[in-house]
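S.K.: One structure, pasted below without further comment.
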Amino acid sequence: DAKTTQPNSMESNEEEPVHLPCNHSTISGTDYIHWYRQLPSQGPEYVIHGLTSNVNNRMASLAIAEDRKSSTLILHRATLRDAAVYYCTQEGGYNKLIFGAGTRLAVHP
Amino acid sequence: GAVVSQHPSWVICKSGTSVKIECRSLDFQATTMFWYRQFPKQSLMLMATSNEGSKATYEQGVEKDKFLINHASLTLSTLTVTSAHPEDSSFYICSATGLRNYGYTFGSGTRLTVV
């Protein structure tokens, strides 16, 4: 089954950039990489997704390795509201999203 | 943007009773809906995938007779936990996708507590 691996936790200071890595070595050529984040007792919130090229939106940037076996979510200036669990997910067939363990991001003032 | 409404947000039920959770796509047609379960401090675990008008496809280890999923319309899917027991207490989350460019939109989750 599709599997992603991420560090368990990371820390950042407010207004500093954060780079959250993810390995997805089993990804197939047509499966997108999706990133979500989750606050306690809430459903996951969409952050960004991409296929091959680097992607930017108002929340973050996604840098995808040339071999697509890894990617990095970049928060350009972390805020306290960015503290959450970040999930890197890949499609696991039949369009289903398989979640890895996620990275718990702590942001310090 | 795409919105998925999940109801109720929390429910407490007695052991042995059944509980129904609803998941509605408010502004798009959800051709596929997914149901996840999440235990405290753990990740989301996919339970099943349902396509409108078809039987749900359950992940390995998920009891289809215990977790009944109905996806009778393009905007509504329901998950019924039958004969609930305390070990079924968990956070249940639905997700929906329509055309590919909608991505995956998640509901806000339902906290089920079985006493």
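S.K.: Which shape class, rounded, prolate or oblate, goes with the stretch B:20-63 when its Cα gyration tensor gives a ≥ b ≥ c as root eigenvalues, a/c under 1.5 marks rounded, and past that a/b bigger than b/c marks prolate?
M.R.: Because a/c hits 1.5 or more and a/b fails to exceed b/c, the stretch B:20-63 counts as oblate.
S.K.: Here's a follow-up. Calculate one ³J(HN,Hα) per residue across the stretch A:87-102 by plugging θ = phi - 60° into the Karplus curve 6.51 cos²θ - 1.76 cosθ + 1.60, and present them in order as whole Hz with x for glycine and proline.
M.R.: 10, 9, 10, 10, 6, x, x, 6, 6, 7, 9, 9, 8, x, 6, x
S.K.: Taking the simple approach of a point 7 Å from Cα along Cα-to-Cβ for both B:Thr113 and B:Glu87, what is their distance in nm?
M.R.: Placing both labels 7 Å along Cα→Cβ, they lie 2.1 nm apart.
S.K.: Taking θ as phi - 60°, what are the ³J(HN,Hα) couplings along the stretch B:57-72 by the Karplus curve (6.51, -1.76, 1.60), each to the nearest whole Hz, with x for Gly and Pro?
M.R.: Per-residue couplings from phi come out as 9, 9, 6, 4, x, 9, 7, 5, 7, 8, 10, 8, 10, 10, 9, 7 Hz.
S.K.: Could you work out the equivalent-ellipsoid semi-axes for the protein assembly as shown, taking the square root of 5 times each eigenvalue of the Cα gyration tensor, largest first, in whole Å?
M.R.: After scaling each eigenvalue by five and taking roots: 30, 20, 16 Å.
S.K.: Taking 0.36 nm per residue of sequence separation and subtracting the Cα-Cα distance, how much length would be gained by fully extending the chain between A:His108 and A:Arg58, in nm to one decimal?
M.R.: On the way: separation 50, 0.36 × 50 = 18.00 nm, distance 2.17 nm.
Gain on extension, A:His108 to A:Arg58, equals 15.8 nm.
S.K.: Go through the cysteines of chain B and tell me which have no other cysteine Cβ under 4.7 Å away.
M.R.: That list is B:Cys13.
Read-outs throughout are calculated quantities, based only on the coordinates presented, and are distinct from any laboratory measurement. Model, not experiment: these values are computed from the prediction. Virtual Cβ from ideal backbone geometry, glycine too; neighbours counted across all protein chains shown.
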